[in-house]
Amino acid sequence: MKIGLFDSGVGGISVLRKLVDFFPQFDYVYIADTANSPYGTKNDNLLFQLVKNILNFLDSKQVDIIVAACNTADSVVKQCLKENSDTLYVSIIDNVKRIVKSDRIGIVATENTIKSKVYEKTLGSSVVYRKSLQSLVTAIERNFANKELIKNIIKETLKGINEFNVKELILGCTHFPLVYDIFEKLLPGIKIVDPANGIIEYMKEKFGERRNGKNNLPKVEFYITGNPITFEENMKNFINLSSIKSSIRKVGFGGVESETGIHNLRAFRCR
Ligand code: DGL
C-alpha cells in the first residue's frame, strides 16, 4: 500500500511522522511544493492549479491513498471531489470531527483557511474563535532555530484568546503541530488539538493498527519543487531520518506555467 502526502513545505511532516509511526508497513510519497510556498496567501485560482499539479503528480506515482497534509490545500481539494475513483482521498479537515469534543472550539490556521470558513462549515457553531497565524508558517520554514521569534508570534497574535473561553484550540495548519509544545506552554488550560490525530483514527479504523508489525524501516520518497537541500536540513528538526528509509529528489513540474504531463484532475473518493 502506497500513501501520498502533500504540503507546501515541511508542515506535512507533522502528519507523516505519525503515519510512519502507526503504519510502518506502508510506503510513502511526500511532495513539498516549496517553490510555491506559502499556500496560505495564494489566490483561489492559483492554489487550485498548484493543488491540481500535485494530485496529478501523486497519481503518476500510483499511490493508493492521498492524505491531505495541508489544510489550506485540503479546503480547495474538497471543492472538486467526487465519489467515483479508486484512489482514496483522506481529508485532514473532515477527520477533525473524530477528535474534538467541546462546544467552545478555537481555530488557528493560514489566511486562506480562516477566510474559507471551512472549519466552521465542518464543526458548526462550536467554533467560537478563529485567527490567522500565517507568519508562523514562514518562521517555521525559514527560522525554526529562533524559538523566541516563534514564541512571540504566537503570543502576540493570540493575545485576546482568553476572553473567548476556548476549551480546545485546533492547530488548523500542519506547520503548527511542529511547535506543539510552545502552544501548550503559552496557553495553559486550553487543550491543543493536532488534526493529524483524526487522520490516524480514520486509518486505524480502516486498516487496523500495526505499530510493531514490520521489521524494515518505512520507505519514504520525498519530492521537492524548490531546493531539496534546504528542505532536508529543515526536515531534520522534525523527524528522525534514521527511523525511515528515505530518498529525496527535486521534481520539475514547477508552478502553474508548466502544463507538461498535466491531465485533468481525477476525481477522488473523499474520507
Ligand atoms: N501547512 C499548510 C496548511 O496546513 C500550508 C501553509 C502555507 O503554505 O501557508 O495549511
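Of all residues being open to solvent by 30 Å² or more (accessible area, probe 1.4 Å) and within 15 Å of the ligand (Cβ to nearest atom) in region 22-35, which is nearest to LYS2 (Cα to Cα)? Just the residue, please.
My answer is THR34.
Taking LYS121 as the residue in question, decide whether it is open to solvent by 70 Å² or more (accessible area, probe 1.4 Å) and under 19 Å from SER75 (Cα atoms).
Yes: the conditions hold for LYS121.
Go through region 100-116 residue by residue and tally those that are open to solvent by 10 Å² or more (accessible area, probe 1.4 Å) and within 16 Å of the ligand (Cβ to nearest atom).
So the answer is 5.
Looking at region 125-148, I want the residues that are within 23 Å of ILE190 (Cβ to Cβ) and have a partner that is open to solvent by 60 Å² or more (accessible area, probe 1.4 Å) and of a type in the set (Phe, Trp, Tyr) with Cβ atoms under 8 Å, at least 6 apart or on another chain. Which pairs are those?
From region 125-148, the pairs are VAL128/PHE164; TYR129/PHE164.
Go through the residues of region 241-248 one by one and say whether even a single one is among the charged types (D, E, K, R), open to solvent by 30 Å² or more (accessible area, probe 1.4 Å), modelled with pLDDT of 75 or more and farther than 16 Å from VAL51 by Cβ.
Scanning region 241-248, I find at least one residue that is among the charged types (D, E, K, R), open to solvent by 30 Å² or more (accessible area, probe 1.4 Å), modelled with pLDDT of 75 or more and farther than 16 Å from VAL51 by Cβ, so the answer is yes.
If TYR129 satisfies every condition in (1) surrounded by 22 or more Cβ atoms within 10 Å (Cβ to Cβ); (2) of a type outside the set (Val, Ile, Thr); (3) in a strand (DSSP E or B) but one, which is the exception?
(1)
Yes or no, residue by residue, for (1) part of a loop (DSSP other than H, G, I, E, B); (2) without any contact (Cβ under 8 Å) to a residue 24 or more places away in the chain; (3) open to solvent by 10 Å² or more (accessible area, probe 1.4 Å); (4) among the aliphatic types (A, V, I, L, M):
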site	(1), (2), (3), (4)
GLY4	no, no, no, no
VAL10	yes, no, no, yes
VAL15	no, no, no, yes
LYS18	no, no, yes, no
GLY40	yes, no, no, no
ASN45	no, yes, yes, no
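Under the condition of being over 22 Å from VAL96 (Cα atoms) and without any contact (Cβ under 8 Å) to a residue 60 or more places away in the chain, which residue from region 47-78 is nearest to the ligand (Cβ to nearest atom)?
Top of the filtered list is ILE54.
The values are calculated or read from the model by the stated rules, or taken from the named source; none is laboratory data. Note that this is a predicted model, so its numbers are computed, not measured. Quick reminder, even Gly has a Cβ in these numbers, built from the backbone with ideal geometry, and neighbours come from all protein chains shown. Only protein heavy atoms, including side chains, enter the accessible area calculation; ligands, DNA and RNA are left aside. Shrake-Rupley method; radii C 1.70, N 1.55, O 1.52, S 1.80 Å.
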